[in-house]
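To start, the structure under review is shown below, and the notes come after it.
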Amino acid sequence: MDEPKSLDRLFKEKIFRIPDYQRGYAWQKIQLKDFWEDLINLSGDRSHYTGVLTLKAIDSKEISDNQNEYWLVDDHSYKMYQIVDGQQRLTTFVVFLQAFIDFVKQLDDNSGKSDQDIYITDSLSIEAVISRYLYKTKPTGDRYRTYKFGYTEDNPSYEYLRHKIFKEDGSPLIEETLYTLNLREARLYFYEQLEELYSESRINGLQEIYKKLTKKFLFNEYVIKDEFDVFVAFEAINNRGKKLSKLELLKNRLIYLTTLYTDEELDEAEHQSLRDAINGAWKEVYYQLGRNDKKPLNDDDFLKAHWIMYFQYSRKKADDYIKFLLEEQFTPQRVHNIIVREVAMELPEEELTDDEIDDTDFDNDIDEATDYDENPVDKLQPSEIKKYVNSLKESAVHWFNSHYPNLATGLSVEEINAIDQLKRIGMGFFRPLVMSVFKNEKKSQKRTQLFKDIERYIFLVYRLNQSHSTYRSSVFYNASRGLDRSEITLEDIKVKLNESMEYFFYDDGTFYSEPFYDYLKKKFNRGEGYYGWNGLRYFLYEYELNLLSQSRQKKVSWEDLRKSDRDKVSVEHVFPQTPTDNWKAMFADMDEEDYPLYSGSIGNLLLLSMSINSSLQNDNFEDKKEPKFDDAGNKIRNGYLDGSHSEIEVAQHDKWTPTEVEERGLHLLNFMEKRWDIKFENDEAKKALLFPKKKKELAEGK
């Protein structure tokens, strides 16, 4: 690979074609803005490295004499190439150049002049620019244009680029697509930026920008040899490599910004110090993210959580954080007062898939969300960059601790257990707050108590009352930022938790269980009962841990429970869903239509110490208490008597009838009251949650 080439060298005696296997022009505003800012920021004798342009030479023998390119390559003065990689950047260059030509031609001084009479500099005419970079006109015969850059004829953007961008006459009916829209909007964007530039610096500004573009934007040119399969090369470049993460993009941006500060703003030592701070922060971040090499943490999840904690939260779109960081907060525009006009562009609005809709932060607390300033105009100080990267560096440790407390250092056993509980129940949108608590509260005891308060909130609000998963999310997103900025305390956060739960309690402090009852009623109507409750495993596991506190041996692993999420065989119906005659005899007083009220009751569901084969679930109660073996004497499953502590407890019963189901159900609801510090309205309300044969409705009203 030769040394980097400027565009005026790159276009010398070459014809570039975008082959049919390439997609169309995909750049939109964020990429166009970056291109313009790179160009306008370039100063002095410095050059801007644009990347590698990968080409595949087309043998002149493959160009027939009826092709427009034939007359240029016939005498071997021109060579024709397919663009394998780099077409987006090269397309941007020619679209920019056409916008430049259009703008210069419409200036008052050039009104009525031909291309050969309009000069950019004393010796460079518009005609010469067009001939060098855009197209050459055949001097004889039909005098048609041969474009130096363009699509192959079977590409949908072929006609649009010729007639709508390069202004060739005789425009046919053109079907516009997303890609042609991008071409149109790119030309509009650059035209208006040039208009703004001209209003500030007149013709000198245009001359300077042209010189930068053609002389200072450099490519490495790489031509694929004939023996290489061009399609394989294209896939290797575009599909097989891992794309840069947003965290990687941010680091590159910050490093770039350090180069924009003048010597008056930062001396050599300060430049190096800032760059070292960025590199040091990313070294620590990547260490923490990959510290558990078996389950490394996601780069972008951390970056988004830190953004929520460090900047003001916005619920606009899932990728709002990276747009803010790269387009608003850490931009070259904030380092230097460059000329960038805000251009209104028509952009396609993509329809969201169901998954994308689910991932969008949305709740009904719109008045509680605090949006960031979308257009910061104050100068970005080096100290602001250093403060931000230092926060990233420090926060990475706490992000890791929130995911893997058992691998953390300096945490008490009680605090590790509290974080483990949050992990099991699902922290959801509380994770940025947990990271902020770790970062800003030095006392383990206070942190632990707040973690327990959060766990209680999640269980009551989302597992019992079945509130929307983002209910009050903005309150606690913003609380993470408030805590990080020392604007609120842990006590203030506890107040917010309690205020957000006021709706779920009567005035006398008893728990309002009707939403939970209504939710369960739907589950029972579908034949699931508590087995379909999204809090079942967590609840039964917490009960198992409560029994474990009185024993020495842990018999159930949460990870093992998660492995069987699909079939849920780690939770068993003691009285089976399809009872045998033996079981029916034990439930003889019940109508068969009422069996689901007992098989799906909370008192009938049992956490197993290991998965069980579903074919064994109909065994009678006595058989279930004993371990099972196959014909070879190999143990298939534990019996209740040597199973989990919950199993052992159930195995103490001599029989299993509706009475035992109801008694154990009440026992578990009593545990629920004690464990999560609530009190149901009365005993009748608790019994109603068991859905006995004669269901007693809850009293109406609060």
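The values are calculated or read from the model by the stated rules, or taken from the named source; none is laboratory data. Just so we're clear, the structure is a prediction, and the values are computed from it rather than from any experiment. So basically every Cβ, Gly included, is an ideal-geometry build from the backbone, and we count neighbours across all protein chains shown. With ligands, DNA and RNA removed, areas are computed over all heavy atoms of the protein, side chains included. Shrake-Rupley method; radii C 1.70, N 1.55, O 1.52, S 1.80 Å.
Looking only at the stretch 257-272, which residues are open to solvent by 50 Å² or more (accessible area, probe 1.4 Å), under 14 Å from residue 381 (Cα atoms) and in a helix (DSSP H, G or I)?
Scanning the stretch 257-272 gives a single hit, 270.
Kindly establish whether residue 236 is modelled with pLDDT under 85, surrounded by fewer than 18 Cβ atoms within 10 Å (Cβ to Cβ) and in a helix (DSSP H, G or I).
So residue 236 fits the description; yes.
Of a type outside the set (A, V, I, L, M, F, W, C), at pLDDT 85 or above and not in a helix (DSSP H, G or I): does that describe residue 293?
Taking the combined requirement at face value, the residue does not satisfy it.
Could you please let me know if residue 184 is at positive phi and either modelled with pLDDT of 95 or more or not in a loop (DSSP other than H, G, I, E, B) (or both)?
So residue 184 does not fit the description; no.
Quick one: what pairs do we get from the stretch 475-488, first residue without any contact (Cβ under 8 Å) to a residue 12 or more places away in the chain, second surrounded by fewer than 22 Cβ atoms within 10 Å (Cβ to Cβ) and outside any helix (DSSP H, G or I), C-beta under 7 Å, 6+ apart or different chains?
Note: pairs meeting the criteria are 482/488.
Please find, within the stretch 569-585, the residue that is farthest from the chain's Cα centre (by Cα) out of those that are open to solvent by less than 10 Å² (accessible area, probe 1.4 Å) and among the β-branched types (Val, Ile, Thr).
Checking each candidate, the answer is 574.
Restricting to the stretch 443-474, give me the number of residues that are at pLDDT below 95 and closer than 25 Å to residue 310 by Cβ.
6
For the stretch 140-164, how many residues are touching a helix residue (DSSP H, G or I) at 6+ places or on another chain (Cβ under 8 Å) and under 18 Å from residue 23 (Cα atoms)?
Adding up the residues that qualify gives 8.
Would you confirm whether or not the stretch 157-169 contains a residue that is surrounded by 15 or more Cβ atoms within 10 Å (Cβ to Cβ) and touching a His at 6+ places or on another chain (Cβ under 8 Å)?
No, the stretch 157-169 contains no residue that is surrounded by 15 or more Cβ atoms within 10 Å (Cβ to Cβ) and touching a His at 6+ places or on another chain (Cβ under 8 Å).
Please go through the stretch 519-528 and pick out each residue that is assigned to a helix (DSSP H, G or I) and within 22 Å of residue 426 (Cβ to Cβ).
Passing the criteria: 519, 520, 522, 523.
Could you tell me whether the stretch 75-91 includes any residue that is over 46 Å from the mean Cα position of the chain (by Cα), open to solvent by 70 Å² or more (accessible area, probe 1.4 Å) and on the phi > 0 side of the Ramachandran plot?
There is at least one residue in the stretch 75-91 that is over 46 Å from the mean Cα position of the chain (by Cα), open to solvent by 70 Å² or more (accessible area, probe 1.4 Å) and on the phi > 0 side of the Ramachandran plot.
Would the stretch 24-35 turn up any residue that is among the aliphatic types (A, V, I, L, M), modelled with pLDDT under 90 and surrounded by fewer than 17 Cβ atoms within 10 Å (Cβ to Cβ)?
The answer is yes, given that some residue of the stretch 24-35 is among the aliphatic types (A, V, I, L, M), modelled with pLDDT under 90 and surrounded by fewer than 17 Cβ atoms within 10 Å (Cβ to Cβ).
Only one of 447, 472 is on the phi > 0 side of the Ramachandran plot and either surrounded by fewer than 20 Cβ atoms within 10 Å (Cβ to Cβ) or in contact with a helix residue (DSSP H, G or I) (Cβ under 7 Å, 6 or more places away or on another chain) (or both); which?
Of the residues listed, the single one that is on the phi > 0 side of the Ramachandran plot and either surrounded by fewer than 20 Cβ atoms within 10 Å (Cβ to Cβ) or in contact with a helix residue (DSSP H, G or I) (Cβ under 7 Å, 6 or more places away or on another chain) (or both) is 472.
When you scan the stretch 650-661, do you find a residue that is more than 12 Å from residue 606 (Cβ to Cβ), touching a helix residue (DSSP H, G or I) at 6+ places or on another chain (Cβ under 7 Å) and among the polar types (S, T, N, Q), even just one?
Taking every residue of the stretch 650-661 in turn, at least one turns out to be more than 12 Å from residue 606 (Cβ to Cβ), touching a helix residue (DSSP H, G or I) at 6+ places or on another chain (Cβ under 7 Å) and among the polar types (S, T, N, Q).
Show the residue pairs meeting these rules: Cβ distance below 8 Å; 6+ apart or different chains; first residue within the stretch 276-299 and touching a residue at least 60 places away in the same chain (Cβ under 8 Å); second residue among the polar types (S, T, N, Q).
These pairs meet every condition: 277/390; 278/258; 281/390; 289/298; 297/288.
Based on this model, can you work out whether residue 671 counts as among the aromatic types (Phe, Trp, Tyr) and modelled with pLDDT of 95 or more?
Yes, satisfied.
Residues to consider are 45, 20, 2; find the one that is free of Cβ contacts under 8 Å to residues at least 60 places away in the same chain, open to solvent by 50 Å² or more (accessible area, probe 1.4 Å) and among the acidic types (Asp, Glu).
Only one candidate passes the filter, namely 45.
Yes or no: residue 61 open to solvent by 20 Å² or more (accessible area, probe 1.4 Å), of a type in the set (D, E, K, R), under 30 Å from residue 203 (Cα atoms) and free of Cβ contacts under 8 Å to residues at least 60 places away in the same chain?
It is false that residue 61 is open to solvent by 20 Å² or more (accessible area, probe 1.4 Å), of a type in the set (D, E, K, R), under 30 Å from residue 203 (Cα atoms) and free of Cβ contacts under 8 Å to residues at least 60 places away in the same chain.
Checking residue 507 against (1) more than 21 Å from residue 685 (Cβ to Cβ); (2) modelled with pLDDT of 90 or more; (3) open to solvent by 40 Å² or more (accessible area, probe 1.4 Å): exactly one of these is not met. Which one?
Among (1) more than 21 Å from residue 685 (Cβ to Cβ); (2) modelled with pLDDT of 90 or more; (3) open to solvent by 40 Å² or more (accessible area, probe 1.4 Å), the lone unmet condition for residue 507 is (1).
Inside the stretch 291-306, can you point out the residues that are over 18 Å from the mean Cα position of the chain (by Cα) and either under 25 Å from residue 479 (Cβ atoms) or surrounded by 13 or more Cβ atoms within 10 Å (Cβ to Cβ) (or both)?
Once the filter is applied, which keeps residues that are over 18 Å from the mean Cα position of the chain (by Cα) and either under 25 Å from residue 479 (Cβ atoms) or surrounded by 13 or more Cβ atoms within 10 Å (Cβ to Cβ) (or both), the stretch 291-306 yields 291, 292.
Condition first: among the small types (Gly, Ala, Ser) and either closer than 14 Å to residue 101 by Cβ or more than 35 Å from the chain's Cα centre (by Cα) (or both). Now tell me which residues in the stretch 151-204 satisfy that.
Correct list: 170, 171, 199, 201.
Determine the pairs where a residue that is within 16 Å of residue 202 (Cα to Cα), located within the stretch 106-131, has a partner that is of a type in the set (Val, Ile, Thr) and surrounded by 11 or more Cβ atoms within 10 Å (Cβ to Cβ) with Cβ atoms under 8 Å apart, the partner being 6 or more residues away or on another chain.
110/104; 110/118; 118/104; 118/126; 119/126; 120/104; 120/126; 120/129
Counting just the residues of the stretch 586-610 that are within 37 Å of the chain's Cα centre (by Cα) and open to solvent by 10 Å² or more (accessible area, probe 1.4 Å), which one comes out modelled with the lowest pLDDT?
610
I'd like to check which helices (runs of 4 or more DSSP H) are fully inside the stretch 581-695 and have at least 3 residues that are of a type in the set (D, E, K, R).
621-625, 658-675, 683-688
Take the residues of the stretch 99-126 that are open to solvent by 90 Å² or more (accessible area, probe 1.4 Å) and not in a loop (DSSP other than H, G, I, E, B): which is nearest to residue 14 (Cα to Cα)?
Out of the qualifying residues, it is 116.
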